[in-house]
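These notes concern the structure reproduced below.
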Amino acid sequence: MIMEGVNPIMLALFLGSLSLIPFLLIVCTAFLKIAMTLLITRNAIGVQQVPPNMALYGIALAATMFVMAPVAHDIQQRVHEHHQVQAGAKQPERQDPVVIEIDQPQPERRQSPQRADCVRQRQKRDLRGKD
């Protein structure tokens, strides 16, 4: 096999980064919560292996894609806006107005889509300390 024009170090880094995709799927999405809920539900019903784990993980993956679609869409819009700004185009108008508080520090003014999703799903009981 001839690899002309391919840097072996870059190829190794690319293949290494591909191995992080399952880790990022579990850490950055609701996949683990959905999969565990399905597994616990299956065990609560009283069946051990019907449906099989692969089927439950497939359902969990489909549900994760459905749940995370708005976040992915927001990320895609922000990347597109960033590329337009980098290309020298005019700042695009956002459909939803961004409210900025004056007292808020600069880094927290605009949250990442993942952080905003986590904050939206957080419950008030999670914000309290242990009593």
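The values are calculated or read from the model by the stated rules, or taken from the named source; none is laboratory data. In this text, all values refer to a predicted model and were calculated from it rather than measured experimentally. For neighbour counting, all protein chains shown are included, and Cβ atoms are generated from backbone atoms with ideal geometry for every residue, glycine included. The protein model used for the area step is the full one, side chains on, heavy atoms only, and it has no ligands, DNA or RNA in it. Shrake-Rupley method; radii C 1.70, N 1.55, O 1.52, S 1.80 Å.
Could you say whether any residue in the stretch 65-83 is at negative phi, open to solvent by less than 60 Å² (accessible area, probe 1.4 Å) and polar (S, T, N, Q)?
no
Does G88 satisfy the criteria of being open to solvent by 70 Å² or more (accessible area, probe 1.4 Å), not β-branched (V, I, T) and not in a helix (DSSP H, G or I)?
The answer is no for G88.
Checking the structure you have, find out if any residue of the stretch 66-75 is assigned to a helix (DSSP H, G or I), touching a Phe, Trp or Tyr at 6+ places or on another chain (Cβ under 6 Å) and at pLDDT 85 or above.
Within the stretch 66-75 (the criterion being assigned to a helix (DSSP H, G or I), touching a Phe, Trp or Tyr at 6+ places or on another chain (Cβ under 6 Å) and at pLDDT 85 or above), the answer is no, since none of the residues qualifies.
Name, by its number, the condition in (1) modelled with pLDDT under 85; (2) open to solvent by 60 Å² or more (accessible area, probe 1.4 Å); (3) more than 17 Å from the chain's Cα centre (by Cα) that does not hold for M10.
Single failed check for M10: (1).
Could you check the stretch 29-51 and list, in sequence order, the residues that are open to solvent by less than 70 Å² (accessible area, probe 1.4 Å) and not polar (S, T, N, Q)?
Result: A30, F31, I34, A35, L38, L39, R42, G46, V47, P51.
Determine, yes or no, whether Q48 is among the polar types (S, T, N, Q) and part of a helix (DSSP H, G or I).
no
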